Amino acid sequence: MKMKKLILGITLLTTSVYFMTSCSSSENDVEEGTIKVEYPSEEEDLYNFEAMSLQPYGINAYIYLPNESASIGASTSPEIFYELDGFEWEISVGQNFHLKIEDWGDEPFDNFIEELNKQNIYDIEYIEQKENYVYYKTRLNVRGKEHTEEVGVDHVSFHVAAMHTIDGINYVFRSKEEGQSERVINYMKETVKHVRQLEL
């Protein structure tokens with residue numbers, strides 16, 4: 001699947017429409033427009049996270065994003081960037097936490113794994129893998145000792161992805177393609193796991 005690049009800029013506002021939002025409430029019941037969103041009590045152990053509804057952005061679900069108590073620089077309010085009628089969303093919480101959401105229609109999670117395995121730029125080490133979830137590490141595939149010495153850096157990054165079916169559509173919640181640090185991914189693992197469809 002070819003991914004579109006989202007480019008934000010003041011000059012693009014005339015041709016594309018992007019929406020942003022902030023998440024500042026920590027209450028268990030939150031008013032999102034005229035719909036009352038009730039976050040279940042079994043999720044309350046996520047004390048470093050805050051629930052956020054994705055319904056205003058076309059996804060009938062909510063997720064948990066790290067708040068200012070997380071040690072990853074998530075002290076700013078979350079922002080959501082998406083193209084109207086598009087198939088990709090990006091959530092940013094501070095400078096370090098960047099989560100992508102992709103609409104995969106009716107394609108299964110196996111297709112996502114197949115796409116990963118087709119690439120030959122990185123060596124992939126699967127750390128944890130379940131039916132609709134994967135946590136993995138990539139290392140730049142540098143062939144030959146002389147090339148490794150030239151590069152001089154190990155180029156290791158961590159990634160996570162999970163698929164959730166919401167209103168019959170499969171969405172992949174994932175880290176960005178270039179990966180992130182292990183510390184950030186440890187928070188993102190909880191975010192991609194705790195996606196729940198809104199019961200209206």
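The values are calculated or read from the model by the stated rules, or taken from the named source; none is laboratory data. As the structure is a prediction and not an experimental result, all values here were calculated from the model. Quick reminder, even Gly has a Cβ in these numbers, built from the backbone with ideal geometry, and neighbours come from all protein chains shown.
Can you tell me which of Val184, Val192 is at pLDDT below 95 and buried (at least 20 other Cβ atoms within 10 Å of the Cβ)? Steps first, answer last, please.
Details: Val192 fails: at pLDDT below 95.
Answer to the check: Val184.
Suppose we filter the stretch 75-93 for residues that are touching a helix residue (DSSP H, G or I) at 6+ places or on another chain (Cβ under 8 Å) and within 19 Å of Ser181 (Cα to Cα); how many remain? Even if it seems obvious, please write down each step before you answer.
Pass one, the stretch 75-93, residues touching a helix residue (DSSP H, G or I) at 6+ places or on another chain (Cβ under 8 Å): 80, 82, 89.
In the following step, the residues that additionally are within 19 Å of Ser181 (Cα to Cα) were identified as none.
Qualifying residue count for the region: 0.
Filter the stretch 99-112 down to the residues that are surrounded by fewer than 17 Cβ atoms within 10 Å (Cβ to Cβ) and touching a strand residue (DSSP E or B) at 6+ places or on another chain (Cβ under 8 Å), then identify the one that is nearest to Tyr136 (Cα to Cα). First the steps, then the outcome.
Kept after step one, since they are surrounded by fewer than 17 Cβ atoms within 10 Å (Cβ to Cβ), are these residues of the stretch 99-112: 105-108, 110-111.
Within this subset, residues satisfying the condition of being touching a strand residue (DSSP E or B) at 6+ places or on another chain (Cβ under 8 Å) are 105-108.
On the way: Gly105: 24, Asp106: 24, Glu107: 21, Pro108: 19 Å.
Ranking the candidates gives Pro108 first.
Within the stretch 66-87, take every residue that is aliphatic (A, V, I, L, M) and not in a strand (DSSP E or B) and give me the one that is nearest to Asn48 (Cα to Cα). Give the derivation first.
Taking the stretch 66-87 and keeping what is aliphatic (A, V, I, L, M), we get 70, 72, 74, 80, 84.
Still in the running and not in a strand (DSSP E or B): 70, 72, 74, 84.
Values: Ala70: 5, Ile72: 11, Ala74: 10, Leu84: 31 Å.
Out of the qualifying residues, it is Ala70.
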| note | Residue count, the stretch 94-123, condition over 20 Å from Tyr133 (Cα atoms) and touching a helix residue (DSSP H, G or I) at 6+ places or on another chain (Cβ under 9 Å), comes to 1
| field | Single residue of the stretch 128-146 satisfying the filter (surrounded by 11 or more Cβ atoms within 10 Å (Cβ to Cβ) and over 18 Å from the mean Cα position of the chain (by Cα)) that is modelled with the lowest pLDDT | value | Val142
| said: Only one of Ile63, Ile59 is assigned to a strand (DSSP E or B), at pLDDT 90 or above and under 20 Å from Val195 (Cα atoms). Can you tell me which? | reply: Ile63
